[in-house]
Structures are given as structure tokens and as C-alpha cells.
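First up is the structure itself, then whatever we jot down about it.
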Amino acid sequence: MKISQEKYQALLWGLPFFLGSLLIFPYALLGDQEFYRNFYTGVVGLSLVEAFQFYRGALGTSEPGYFLFSFVFAPYFNKDILFSIVNYVFAYNVFLWLIRNGVSRLLFPMIYFNFYIVVLAFSAERLKLSLLFFLVGACSSGLIRYALYAFSTLTHVQTLMLVVVAQVREVLYIARRLFAGKIGFGFISLFLLMVGILLVLVLLKEHIEAKLMFYAGTWGGLEAMLKPLIFTALSMCYAQSRRVEAILASLPMVLASYYIGAERVVIFSYFVFMYYGLQSKRGINIPVVFTLLYFGYKGLDFLVNVFVYSDGFAPVA
């Protein structure tokens, strides 16, 4: 089977991410990785029910996506190798989107050290797996897309915000057709997606309520909305004729930050901004370059902490 030039280039650009993961993972032993490693090694040999109970106790979550992924692969793969492959596939999808959207290759090296990317790679493991399913789903179509979106949400429920964001353009298109008195297949598929979202919310109802109770009154508030609002403003600057779409795409993160704090959702606001910013002048514009340089520095600092303290978020004395 002949591979397209775009995919071939994406595979090559993603390769350093795979090799770097093999090098870095053995040093990432503390912080979130300590809990992930304990679960991954401890789940081997347990029954499905026993393993899920262990999962809830070890990671404090009921979202089944990461659990099922680890339960299936843990008996056969070393964790560092398996998640280096996951990092590679994730990086491949990121670079494939960049290439297909004509983003300047000058910016590509900064992706390797971007703070949010390296945090996903070596700390926020459930979120990374969830975003991987989301990215593959976004590049798919039909039932496969929605199945991947569902599994993405069942891996990390916060990704539901991106699922909603991904439908903004379609919602606006369908709304225009409805005002014109036209109802097509798009309306039916959107309705089915909404039903699917409701089912996911019902399945994870207890988990979501527990998280909201934990964060409510501690992390949120008006001040927490500042960072998402900054990225919303930047998104609007580069959305050009799609400003309404940019506002609606950013709105879930702004609202969520009020209730659960910015640190948990600002990564999504940043990705929405980059979605629009990277498509303007091939990404060679001041906000995109500045944020890439800034988060590149933060990413390097994170990696140094991994090598020195075995945890990227370790406080520096």
C-alpha cells in the first residue's frame, strides 16, 4: 500500500518523539507517573472486576478508557515501550494536521518541547490517550468518528469539551439550513451525537459529580477565567470571518474554568487558539511564535525536572 507524502513526512517528524520517549520515560518515576506505573504493573493477573476496583483506588477515577487499554496491553508490553508508541502515534497525528494545513516547517522543532505536549507525553497519561482517540476520530468519518469520540470521552471526560468544540462549525451550518427550512442528514447525525453525549454523561454521572464537588469553591471563580479569555481573544483575532465559531469553540473552556479552575482546562483553550493561529500566515505570526517560544522554555524546564527529580512538576529548591 502506497503511503502519501504527507503521512510519510508526519511519520518522520514524529520519530524523534518516539526515540525521545524511550530515553525520558525511565526517568519519569514520580508524580503522576508513580501512580500510573503502580496501576500498570499491579493490574496484571487480576480479573476484570478486581482490576477495575484496583484502578479506582489507584488512580481515583471511574473513566474506563485508560483502564481497558492498560488491562488489555499490560500483560504483553513494557509500559515505557507501549506509551512511547502511544506518544509516537499522538505526535504523528499532530504533525499530519500541521502538514495538511500548510504550517511552516520552521515551527515544527518547537512542537517537541512545547510545555503542553511534553506534559501530555510524560505526565497526563489519561488525557493524552483521550486526546489521541479524539484526534484520530476527528480525521475519521461516520460511525467510526463518533465511536472514537465516545471512547475519548470515556477515557477522560474533560475531552467532552473538545468533542463539543469540534461540532461548532457543523452546528452553525445546520442552524443556517434550519432557518432556511431545510433538514438534512447532518441534523440527524448531530442529534445522534447529542444523544451519545447524554449517555456518556449518565454513565459517568457519579464521577463527574464527585470531581465537581472536589473542585467547586477551591479552584474556580472569575479570576480563573482570565487565561481562557486571553486565548479566546487571540482565537478571535485569527479566526477572521469565523469569529462567531471561535467564540462558541472557546466558550466551554471559559465556563468550565469558572467551576473547576483554569489549570484543568486552559490546555484546551490554548489548542483552540493554535488551531486558528497556525492557519494564519502559516503560523508565522507574533502570538503563535511568542507562545511557542514561551511554552518551549517551560517544556524544557519540565524535562530538566524529569531528569533531575523524576517529576516534571517537582518544585525547584
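The values are calculated or read from the model by the stated rules, or taken from the named source; none is laboratory data. All values reported here derive from a predicted model rather than from experimental measurement. Cβ atoms come from the backbone with ideal geometry, glycine included; neighbour counts cover every protein chain shown. Accessible surface is based on the protein model in full, side chains and every heavy atom, while ligands, DNA and RNA are left aside. Shrake-Rupley method; radii C 1.70, N 1.55, O 1.52, S 1.80 Å.
Entry remark, the stretch 16-28: residues being open to solvent by 70 Å² or more (accessible area, probe 1.4 Å) and either under 20 Å from the mean Cα position of the chain (by Cα) or without any contact (Cβ under 8 Å) to a residue 24 or more places away in the chain (or both) number 2 in total. For the stretch 270-317, the candidate set comprises residues that are touching a residue at least 24 places away in the same chain (Cβ under 8 Å) and among the basic types (Lys, Arg); within that set, the residue that is farthest from TYR27 (Cα to Cα) is ARG282. Entry remark, the stretch 279-292: residues being under 14 Å from ILE117 (Cβ atoms) and out of contact with any Leu (no Cβ under 7 Å at 6 or more places or on another chain) number 1 in total. Taking the criterion of being more than 20 Å from LEU303 (Cβ to Cβ) and surrounded by 20 or more Cβ atoms within 10 Å (Cβ to Cβ), the residues of the stretch 86-124 that qualify are TYR92, LEU96, LEU98, VAL103.
Just to be sure before I move on: is PHE83 under 23 Å from the mean Cα position of the chain (by Cα), open to solvent by less than 40 Å² (accessible area, probe 1.4 Å), at pLDDT 95 or above and under 19 Å from SER310 (Cβ atoms) in the structure I sent? Answer is yes for this residue. Only one entry in VAL288, VAL244, VAL266 is open to solvent by 10 Å² or more (accessible area, probe 1.4 Å) and either out of contact with any Asp or Glu (no Cβ under 8 Å at 6 or more places or on another chain) or of a type in the set (D, E, K, R) (or both), namely VAL244.
If we keep just the residues of the stretch 302-317 that are open to solvent by 70 Å² or more (accessible area, probe 1.4 Å) and modelled with pLDDT of 90 or more, which is nearest to LEU120 (Cα to Cα)? Among them, the one singled out is PHE313. Taking into account only those residues within the stretch 33-76 that are outside any helix (DSSP H, G or I), free of Cβ contacts under 8 Å to residues at least 60 places away in the same chain and not hydrophobic (A, V, I, L, M, F, W, C), which is surrounded by the most Cβ atoms within 10 Å (Cβ to Cβ)? Checking each candidate, the answer is GLY60. Taking the stretch 273-285 as the range and being open to solvent by 10 Å² or more (accessible area, probe 1.4 Å), assigned to a helix (DSSP H, G or I) and either at positive phi or of a type in the set (A, V, I, L, M, F, W, C) (or both) as the test, the residues that pass are MET274, LYS281, ARG282.
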